[in-house]
Amino acid sequence: MFKIALMDQSDLENAYKIEQESNPTPWSRNNFFSSFDVGHHSLICKANKELIGFIVFSVIKNESHLLNVAVIEKWRKKGAGSLLIESLIKQSKVLGAKKVFLEVRSKNLNAIKFYEKYNFVKDAIRANYYPGEYPDDAVLMSLDI
Ligand SMILES: CC(C)(COP(=O)(O)OP(=O)(O)OC[C@H]1O[C@@H](n2cnc3c(N)ncnc32)[C@H](O)[C@@H]1OP(=O)(O)O)[C@@H](O)C(=O)NCCC(=O)NCCS
């Protein structure tokens, strides 16, 4: 049902819509678009021809950093997020990473459950990491790959 592909310039607009709908403090348009330009790895998930999710990560030496992931709300809980994170893990290994790191809002329990399903472990809490309208702590998680 789902297909994973490399994100293309022409996907950016639709991916950014998903980002705005999914994140209480979305990346700015400029950050989102320039993340693509600076060469972060970006994958998309399509259902039929519709772009329904994306994942962005960077690999530096033997560390992979999951920077952003989202699935359009009506398509959640159907396995698209799983395919995206499995693809990230596979590609990170190929690129030489030994560990994947991420930060997640402490109140984002669904995402924390999602990461725990993939055996990510909680390493630390960064207090008051997210400022602004939706203040929150960050949970730092990692996975040996
Ligand atoms: C986190 C997110 C990407 C998961 O995508 P998804 O397509 O819904 O994930 P999947 O359907 O592949 O779910 C895989 C597993 O994650 C867990 N999970 C996902 N959503 C969950 C929810 N709402 N409640 C509890 N567990 C959940 C379950 O363990 C699930 O396995 P199961 O279906 O066997 O129970 C999606 O919920 C999302 O886009 N959230 C908003 C953006 C966000 O929070 N991003 C993370 C920022 S750090």
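Data overview
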read-out	value
The chain - share of DSSP beta bridges that are antiparallel (%, nearest 5)	90
Radius of gyration, Dmax [segment 2-144; alpha carbons; angstrom]	14.4, 41
Segment 2-144 - percent relative contact order, Cα under 8 Å, separation 6 or more	19
Magnitude of the charge dipole, the chain, Cβ model with Lys/Arg +1 and Asp/Glu -1, debye to 20	500
Euclidean distance between Cα centres, segment 14-43 to segment 76-145, Å	17
In Hz, Karplus ³J(HN,Hα) per residue of segment 89-105 (6.51, -1.76, 1.60; θ = phi - 60°; x = Gly, Pro)	4, 4, 5, 4, 4, 4, 7, x, 6, 10, 8, 10, 10, 7, 10, 9, 4
Long-range amide H partners of Met7 with built H, under 5 Å	Ser42, Leu43, Ile44
Candidate lysines for bridging to Lys122, where Cα separation is under 19 Å - those fewer than 8 sequence places away on the same chain excluded	Lys98, Lys99, Lys107, Lys113
Within the chain, helix-based [θ] at 222 nm, where runs of 4 or more DSSP H residues each add -39,500 (n - 2.57), nearest 500	-9000 deg cm²/dmol
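Since every read-out is calculated from the coordinates, none of them should be taken as a lab result. Remember, predicted model here, so these are calculated numbers, not experimental data. Please note: Cβ atoms are built from the backbone with ideal geometry, for glycine as well, and neighbour counts cover all protein chains shown.
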